[in-house]
Amino acid sequence: MASERVERRLTAILAADIAGYSLLMGADEEGTLAEVKAIRCEVVDPKIEEHRGRIVKTTGDGLLVEFASVVDAMRCAIELQRGMAKRNIGKAQHKRIEFRIGVNVGDIILDSGDIFGDGVNVAARLEVLAEPGGICASARVQEDVRGKLDISLVDAGEHQLKNIAWPVRVYRVDPASETPPRPALALPDKPSIAVLPFDTMSGERDLSYLADGIVEATTAALSRIRSFFVIARNSAFTYKGKAANVRDVGRELGVAYVLEGSVQKAGNRIRIIVQLIETEGGAHVWAGRYDGTTDDIFDLQDRITEQVAGALQPSIRIAEIERARRKRPQDLGAYGYTMRAMPHVWALEKEESGKALDLLDKALAIDPDYPLALSLAGWCHAQRSVYQWAEDVVQSQARALSLAESAAAISSDDPLILAVLGAVHTFVRNHGTARVLLERALAIDPNAAWAWSRLAWLDNYADRPDQAIEKFERALRLSPLDPANFNNHVGIGSAHEVAERYDEAAAMYRRGLEEQPHALWIYRHLASSLAGAGRMAEAREAYTQVMRAYPDLTGAKYRRAMVFSSTALDRMVANLQKLGLPA
């Protein structure tokens, strides 16, 4: 008797599931179910219908869809993820519903409306490899959509997928190629301002650094007024050298006002012109001109701050304005070298940190008691210890502590200097002292994004991951365009790793690497989390990068450099030892 003929066809398969579904259900079962139903109704089903897909079956946290066209399948996957990213704006990371999606093309068996076969199985395995919010596709999909979609697919190498007899080459959708435009940020419920880099009216290099110093000081002084919301310097400085429309700046930074200005210099005479602009309509609120000499520069900074504060909120009395009372350098050369070092200090890369130290050493050679230079040099030495760039970690820690304490002894009410000293105490495991110093810095300057970030890291080290995520998100809002924000994303990843939410941790570590690919120290955390998630093929790839950056790394050296709790460290080292880390 002839066997019954089975129905086969070539089709594109999309498999999707919700990352961390069980955790979401455990935290809020009814709320999660209601949100998932709303997402199906408002995002998922309309997109599948728009791209001519057919839902084959659904589970509580996922679905299987087939398409006649692989291009339609990929378009649907991309638009689903964009729709979800838009829907998640403003939500805390641990409350977001995010899909992982796998797309494959294959020959399938059709039976009673369901589909079976290796084509389906591969799609399901690709979904598991995808990051939350991400898409993984097979090599065949990559070949079929090449040149047809405005995205990039990055080769992630061959993977031996569970229950698949042959290795499958995997491609990831490059987030940089498919990320939607940055959404407008909501305005805070208090006067909000960004101080943009000032223009210089001549080509003098020293004048540029002098102008940067004026912006730095004005930002710091305004930040210390508790009734203001002030964008951190690092985000504002992303506009340096660019022709920025104030409406766009207001939308991107989420502020109602911007302060912009220019600096002119002739001999030792200096003229500063500033204007305060309302971002929504571009109206000029106030303008001022200040003439003096380079010897008067710090008095000019104070006058600018007072008048800007009065224009923003007339009820503020001069006596209520808390100025940034940093001890001024004795020589403007020290000031210039310190301003020049700033971007290198915050890059958190080995070579950049070295450049910063060279410039700060020049500043300190001119003025050995300039606290800002002392403090930033201390932070650079702290980086050398925690990121294991120094041959002698203990010596780097001691040097960092000595410099940071010297700065605080001279300028004990400067929030940045207090925050650096707190960070250094973190790395020498004086966590109680570190918390006191960081909280004191925030009491003086509640807008100090970096202090919020360092306090969040301290929560990670104390096994308080959810509190850490809240503080990292606050730091991100205070400095939304900060080039150093990759460290906040890594911090959120670290919080998820401490909480053993390994898939979420890996997603945030990858985001950090996308923003700062030369920060190879992140691979230590990525490899550990991937191993913890059981994603061993990816974990081995990440571990290869770890050993390239740290060829002599051992479990003992890892423990000496890291300042997590012993419980968290035990898990991290155990995960790395699965990949071959020596004891």
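The values are calculated or read from the model by the stated rules, or taken from the named source; none is laboratory data. Predicted, not measured: the structure shown is a model, and the values here were computed from it. Don't worry about glycine lacking a Cβ; one is built from the backbone with ideal geometry, like all the others, and counts go over all protein chains shown.
Can you pull out the residues in the range 337-356 that are buried (at least 21 other Cβ atoms within 10 Å of the Cβ) and at pLDDT 90 or above? Across the range 337-356, the qualifying residues are Ser353, Ala356. Evaluated against (1) within 30 Å of Glu7 (Cα to Cα); (2) in contact with a Pro (Cβ under 9 Å, 6 or more places away or on another chain); (3) crowded, with 19+ Cβ neighbours inside 10 Å, Gly119 falls short on exactly one condition, (2). When Gly432, Gly422 are screened for being without any contact (Cβ under 8 Å) to a residue 24 or more places away in the chain and of a type outside the set (D, E, K, R), only Gly432 passes.
Among the residues that make up the range 538-557, is at least one of them touching an Asp or Glu at 6+ places or on another chain (Cβ under 9 Å) and either under 29 Å from Ser22 (Cβ atoms) or surrounded by fewer than 21 Cβ atoms within 10 Å (Cβ to Cβ) (or both)? No, that holds for no residue.
Yes/no matrix, rows are residues, columns are (1) assigned by TED's automatic domain parsing to the domain that holds His425; (2) out of contact with any helix residue (DSSP H, G or I) (no Cβ under 7 Å at 6 or more places or on another chain); (3) more than 23 Å from Gly555 (Cβ to Cβ); (4) assigned to a helix (DSSP H, G or I):
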site: Ala356; (1), (2), (3), (4): yes, no, yes, yes
site: Gly378; (1), (2), (3), (4): yes, no, yes, yes
site: His381; (1), (2), (3), (4): yes, no, yes, yes
site: Arg384; (1), (2), (3), (4): yes, no, no, yes
site: Val394; (1), (2), (3), (4): yes, yes, no, yes
site: Ala398; (1), (2), (3), (4): yes, yes, yes, yes
site: Glu405; (1), (2), (3), (4): yes, no, yes, yes
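Of the residues making up the range 55-66, those that are surrounded by 18 or more Cβ atoms within 10 Å (Cβ to Cβ), under 36 Å from the mean Cα position of the chain (by Cα) and either in contact (Cβ under 8 Å) with a residue 60 or more places away in the chain or assigned to a strand (DSSP E or B) (or both) are Leu63, Leu64, Val65, Glu66. Taking residues in the range 551-580 that are within 17 Å of Ala505 (Cα to Cα), and partners anywhere that are of a type in the set (Lys, Arg) and modelled with pLDDT under 95, the pairs with Cβ atoms closer than 6 Å and at least 6 places apart or on different chains are Leu569/Arg559.
The condition of being buried (at least 16 other Cβ atoms within 10 Å of the Cβ) and more than 33 Å from the chain's Cα centre (by Cα) holds for only one of Ala12, Ala19, that being Ala12.
Looking only at the range 425-449, filter to residues that are in a helix (DSSP H, G or I) and touching a Phe, Trp or Tyr at 6+ places or on another chain (Cβ under 8 Å); which one of those is farthest from Ala475 (Cα to Cα)?
We begin by selecting, within the range 425-449, every residue in a helix (DSSP H, G or I); these are 425-427, 431-444, 449.
Filter again for touching a Phe, Trp or Tyr at 6+ places or on another chain (Cβ under 8 Å), leaving 426, 431, 442.
Working: Thr426: 18, His431: 20, Leu442: 12 Å.
Of everything passing the filter in the range 425-449, His431 is farthest from Ala475 (Cα to Cα).
A single entry from Ala475, Ala484, Ala462 fulfils the requirement of being within 22 Å of Val420 (Cβ to Cβ), buried (at least 24 other Cβ atoms within 10 Å of the Cβ) and of a type in the set (A, V, I, L, M, F, W, C): Ala475.
Any chance the range 405-416 includes a residue that's surrounded by fewer than 24 Cβ atoms within 10 Å (Cβ to Cβ), under 22 Å from Ala221 (Cβ atoms) and among the hydroxyl-bearing types (Ser, Thr, Tyr)? Yes, the conditions are met somewhere in the range 405-416. In the range 297-309, the residue that is farthest from the chain's Cα centre (by Cα) out of those that are closer than 17 Å to Asp212 by Cα and β-branched (Val, Ile, Thr) is Ile297.
Restricted to the range 239-296, the set of strands (runs of 3 or more DSSP E) holding at least 1 residues that are closer than 13 Å to Ala211 by Cβ, in contact (Cβ under 8 Å) with a residue 24 or more places away in the chain and out of contact with any Gly (no Cβ under 8 Å at 6 or more places or on another chain) comprises 257-266.
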